[in-house]
1. Quick test of the membrane-span-like rule: which DSSP H helices of the chain reach at least 18 Å along their long axis (C-alpha atoms) with mean Kyte hydropathy at least -0.5?
2. Just to verify a number: FRET efficiency for Glu96 and Lys135, C-beta to C-beta distance, R0 = 35 Å, to 0.05?
3. Suppose a student asked you for the relative contact order of the chain, using Cα pairs under 8 Å spaced at least 6 residues apart; what percent would you report?
4. Between Asn87 and Ala118, what FRET efficiency follows from the Cβ-Cβ distance if R0 is 41 Å, with the result rounded to 0.05?
5. Report the gain in length on full extension from Ile127 to Ala68: 0.36 nm times residue separation, minus Cα-Cα distance, nm rounded to one decimal.
6. Specify, per residue and in Å³, the volume enclosed by the convex hull of the alpha carbon atoms belonging to the chain.
7. Could you work out [θ]222 nm for the chain from helices alone, using -39500 (n - 2.57) per DSSP H run of at least four and dividing by all its residues? Round to the nearest 500 deg cm²/dmol.
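Please treat every number below as a calculation from the coordinates, not as lab data. Since we're looking at a predicted model, the values are computed, not measured. Methodologically, a virtual Cβ is constructed for each residue, glycine included, from the backbone with ideal geometry; neighbour enumeration extends over all protein chains shown.
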Amino acid sequence: MTSNPSIPATAPPPTVVVAPAPRKKWKAVLLLLLVFGLGCFVGGGGVALMALHRAQASFRNPAIADSAGAKFLGRVNRNIDKELKLNPEQQQAVREELDVTRNKLRELRVGLVRDLRALAADTLERISNRLPEEKRSILREKYRERLRPWGVEPPE
């Protein structure tokens, strides 16, 4: 190729290197942590509310509420049957003994709730005796408001 001095030689255009935009990984990580944290918070709150309502129902009527002990005895019964390969007569004998234990557990729970209610009433009465009349009515109202979900009514 010959070069013509009258025609200026053109240099190739300079290559422009464009750097990619800096990645903002920290925003994605922060969003992920936020979603995870909110999920934990909501899940934990839901479990806490369910546990509270279950405990209140159990305390309101302990005679009919199914306790953890009763569930445990049911599991023991199933495991004994499976692991020891009991015949029907032996299974019935084990079931009867576990029923006796289940009834004793229920009686203990009923007695415990009865004693706790009596203690709460006695405590309210002792505190009321030390307060002026206008504060007593406020105390009884607060007592009623907080303990009614648990099945405890203030003495009159």
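1. Values: long enough: 25-60 (52 Å, 1.15); 68-84 (23 Å, -0.52); 88-129 (61 Å, -0.71); 133-147 (21 Å, -1.99).
Qualifying helices: 25-60.
2. Working: r = 55 Å, r/R0 = 1.57.
So the FRET efficiency works out to roughly 0.05.
3. The normalised contact order for the chain reaches 26 percent.
4. Numbers: r = 47 Å, r/R0 = 1.15.
Calculated value: 0.30.
5. Working: separation 59, 0.36 × 59 = 21.24 nm, distance 3.42 nm.
Extra length from Ile127 to Ala68 when fully extended: 17.8 nm.
6. Numbers: hull volume 44.5 nm³, N = 156.
Taking the convex hull of the Cα positions in the chain, it is 286 Å³ per residue.
7. Numbers: 4 runs with 110 residues, N = 156.
Counting only the DSSP helices, I get -25000 deg cm²/dmol.
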